[in-house]
Amino acid sequence: METLKNPHQAQDDFVLPENNKPTKEPTIKLTSEQIQFFKTNGFLSIDHLIDEKEATCIRDQYDKWFAAKVGREHGNFFDLLSEDTDDKEAVAPQLLWPSIYGKIMTKFDLYDTQMYVNAYEISKSLLGDETTFKGDHAILKPPSVNSLPTPWHQDEAYWDPTFTYESLGVWVALQPVSVENGCMQFIAGSHRTSDVLPHHTQNNNPRIHGLEVDNPSDYQKNIISCPLPIGGATFHHCRTLHYTGPNCSNEPRRAYTLQFQCNTKKRDEPRLNTWNEIKTTEREKRAKESGWNLRAP
Ligand SMILES: O=C(O)CCC(=O)C(=O)O
Ligand SMILES: [Fe+2]
């Protein structure tokens, strides 16, 4: 594995394709019913975003990135659901910017994958023609009796409070997923909140990166679980409340998430963001010490 010569090198290597255009043709197109479903419910589930061959190829590289804990020195590899200390096995290891690290480590070219091309095409039909790529991340849930749910949250709660977003996440299953091993679950229609809902860190512990919406039981109506075959994907709006259960199977659960955005706008006043302001995570410390300054996608 190549090591990074300086902390900013990986960021400099992160070049979007010209005009943010993918390098090949999409192989799927949404129906008007699917587009309407997303607008009404704030999510959409698709059984075949990519074929099994590509999903397996990405999965083999994904396992290498996670085994190497690539990006740890930049705060881009951490445990989403614990205090993330080096002496403990991570419950839900998360890698930010797999496209950057994958390119260095396994010559992974995100923009050349059907996953990116299809996700981008579908995101454009859901958000609009001006849609651009915002970034990527990946969450692995190892099989374990200590596996934890990813709490109910809105993705926008993690982001820059001085902006308002029209954005979506494409969550790609790199093996079959079900409720048993931690498939995505959504609260239908929850994307229509007038602003980002108040959140807190997991267990109210400021040393944990993961966020949970305050009083989640207030929202738990119309929960839809989305099991998928390998290569299937869900699309969710950045304000749609979502959750995954613990991995109770005997195999790792691997997901790759791509974020796309359209019409990101500066707010007149920043929104409430206390839950991020009070954080004191090891991940942030490592990012600061290494000079990493690209915001998490
Ligand atoms: O994979 C998970 O457990 C959660 C994923 C998630 O929250 C996301 O991709 O936005
Ligand atoms: Fe999320």
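So, Gly135, is that one closer than 27 Å to Thr27 by Cβ and modelled with pLDDT under 95 or not? Yes. Are any residues in the range 143-164 within 13 Å of ligand 1 (Cβ to nearest atom) and of a type outside the set (S, T, N, Q), and if so, which ones? Across the range 143-164, the qualifying residues are Leu148, Pro149, Pro151, Trp152, His153, Asp155, Glu156, Ala157, Tyr158, Trp159. Comparison of Ser249, Ser290, Ser217 shows that the only residue that is closer than 30 Å to Pro143 by Cβ and away from ligand 1 (no atom under 16 Å from the Cβ) is Ser217. Being crowded, with 24+ Cβ neighbours inside 10 Å and either hydroxyl-bearing (Ser, Thr, Tyr) or away from ligand 1 (no atom under 14 Å from the Cβ) (or both) is true of Asn118. Scanning the range 173-228 for residues that are out of contact with any Ser or Thr (no Cβ under 7 Å at 6 or more places or on another chain), of a type in the set (A, V, I, L, M, F, W, C) and under 19 Å from Leu81 (Cβ atoms) returns Val177, Val213. Yes or no: the range 148-169 includes at least one residue that is in contact with a helix residue (DSSP H, G or I) (Cβ under 9 Å, 6 or more places away or on another chain), β-branched (Val, Ile, Thr), within 16 Å of ligand 2 (Cβ to nearest atom) and at pLDDT 95 or above. Looking through the range 148-169, none of the residues is in contact with a helix residue (DSSP H, G or I) (Cβ under 9 Å, 6 or more places away or on another chain), β-branched (Val, Ile, Thr), within 16 Å of ligand 2 (Cβ to nearest atom) and at pLDDT 95 or above.
Residues in the range 165-194 that are more than 10 Å from ligand 1 (Cβ to nearest atom), of a type outside the set (Val, Ile, Thr) and over 18 Å from Pro227 (Cα atoms): Tyr165, Glu166, Ser167, Gly189, Ser190, His191, Arg192, Ser194. Meeting the requirement of 2 or more residues that are at pLDDT 70 or above and surrounded by fewer than 20 Cβ atoms within 10 Å (Cβ to Cβ), the helices (runs of 4 or more DSSP H) wholly within the range 1-85 are 32-41, 52-68. Given (1) over 30 Å from Gln34 (Cα atoms); (2) crowded, with 18+ Cβ neighbours inside 10 Å, where does Lys107 come up short, assuming only one miss? That leaves (2) as the condition not met.
Checking Pro93, Pro143, Pro149 one by one, the residue that is under 17 Å from the mean Cα position of the chain (by Cα) and surrounded by fewer than 19 Cβ atoms within 10 Å (Cβ to Cβ) is Pro149 and no other.
Within the range 251-263, residues that are within 10 Å of Lys134 (Cβ to Cβ) and touching a residue at least 40 places away in the same chain (Cβ under 8 Å) reach partners that are within 9 Å of ligand 1 (Cβ to nearest atom) and of a type in the set (A, V, I, L, M, F, W, C) with beta carbons closer than 9 Å, at six or more positions or on different chains, in the pairs Leu258/Val170; Leu258/Trp171; Gln259/Val170; Gln259/Cys238; Phe260/Val170; Gln261/Cys238. If you filter the range 240-253 down to residues that are surrounded by fewer than 23 Cβ atoms within 10 Å (Cβ to Cβ) and not acidic (Asp, Glu), you find that the one that is farthest from ligand 2 (Cβ to nearest atom) is Asn250.
The values are calculated or read from the model by the stated rules, or taken from the named source; none is laboratory data. Just so it is clear, the structure is predicted and the values come from calculations on it, not from any experiment. Cβ coordinates were reconstructed from backbone atoms using ideal geometry, including for glycine residues, and neighbour counts include every protein chain displayed.
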